[in-house]
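Shown next, in structure tokens, is the structure this report addresses.
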Amino acid sequence: MITPLHPSEIFLQPGDHCFAGRDSRIRTVLGSCVSMTFWHPQLLVGGMCHYMLPERGSAHRTVGRSVPDGRYADEAMALLLKKIDAVGASHKEYQVKLFGGGNMFPETPKNRMSRIGILNGQAARRLAKQHDFTCVAEHLGDIGYRNVIFEVWSGEVWVKHTKALSIAELETINRRLG
């Protein structure tokens, strides 16, 4: 694959998604959020979403709501599927990679918020399987955050995983700097 001379640089915030052509590079930073990348190796098109939660809570659902919100896994998938399906290729032809779902607060008591990264990762796997995508790689879970870079022209995804520091480690650093 030839790297474009001046690739379009796209940065996704939480709740964003993007589907682009071969001259694009899509980036994001993840903690407990998850990104799913979708790449078609023959057409050299692909996309990425960055969602925050596995689903919209039932207390916050609006009856008759017609606009999907990319902050939720299933709704982020619906937004990308519109663009993927417009291309006309089978979902099985796409390579999907899953990233994120880190535990950002490992020292907090076990509750839903401390498990949100795990739940986000489970949602990504479920959605990929439900929509017949081929998942070829994942880097989910663990502690900390990730910088993710997806080069659409090659399908390569680069991930830098940084472990979160514990409270004890932060206190030690503060004493040394103090």
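Inspect region 164-171 for any residue being at pLDDT below 95 and in contact with a strand residue (DSSP E or B) (Cβ under 7 Å, 6 or more places away or on another chain) and give the result as yes or no.
yes
Quick check: is even one residue across region 128-138 part of a helix (DSSP H, G or I) and surrounded by 14 or more Cβ atoms within 10 Å (Cβ to Cβ)?
There is at least one residue in region 128-138 that is part of a helix (DSSP H, G or I) and surrounded by 14 or more Cβ atoms within 10 Å (Cβ to Cβ).
A quick yes/no check of all residues on (1) crowded, with 17+ Cβ neighbours inside 10 Å; (2) within 27 Å of GLU9 (Cβ to Cβ); (3) in contact with a Leu (Cβ under 6 Å, 6 or more places away or on another chain); (4) not small (Gly, Ala, Ser):
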| position | (1), (2), (3), (4) |
| --- | --- |
| TYR72 | yes, yes, yes, yes |
| ALA89 | no, yes, no, no |
| ARG115 | no, no, no, yes |
| GLY155 | yes, yes, no, no |
| HIS161 | no, yes, no, yes |
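Count, please, the residues in region 5-38 that happen to be within 26 Å of SER90 (Cα to Cα), of a type outside the set (S, T, N, Q) and in contact (Cβ under 8 Å) with a residue 40 or more places away in the chain.
14
List, please: which pairs have Cβ atoms under 8 Å, are six or more places apart or on different chains, and start with a residue in region 124-150 that is closer than 19 Å to TYR72 by Cα and touching a residue at least 24 places away in the same chain (Cβ under 8 Å) and end with one that is among the acidic types (Asp, Glu) and surrounded by 15 or more Cβ atoms within 10 Å (Cβ to Cβ)?
Sorted first by the residue in region 124-150, then by its partner, the pairs are ALA124/GLU138; ARG125/GLU138; LEU127/ASP74.
Anything in region 91-113 that is surrounded by fewer than 21 Cβ atoms within 10 Å (Cβ to Cβ) and modelled with pLDDT of 95 or more? List them, or say none.
Within region 91-113, HIS91, LYS92, GLU93, GLN95 qualify.
Out of the strands (runs of 3 or more DSSP E) lying entirely within region 1-46, which hold 1 or more residues that are touching a Phe, Trp or Tyr at 6+ places or on another chain (Cβ under 7 Å) and closer than 18 Å to GLY121 by Cα?
Result: 24-30, 34-40.
Restricting attention to region 33-56, report how many residues are within 20 Å of ILE143 (Cβ to Cβ) and surrounded by fewer than 24 Cβ atoms within 10 Å (Cβ to Cβ).
Of the residues in that region, 3 qualify.
The values are calculated or read from the model by the stated rules, or taken from the named source; none is laboratory data. All values derive from a computational prediction rather than experimental measurement. Methodologically, a virtual Cβ is constructed for each residue, glycine included, from the backbone with ideal geometry; neighbour enumeration extends over all protein chains shown.
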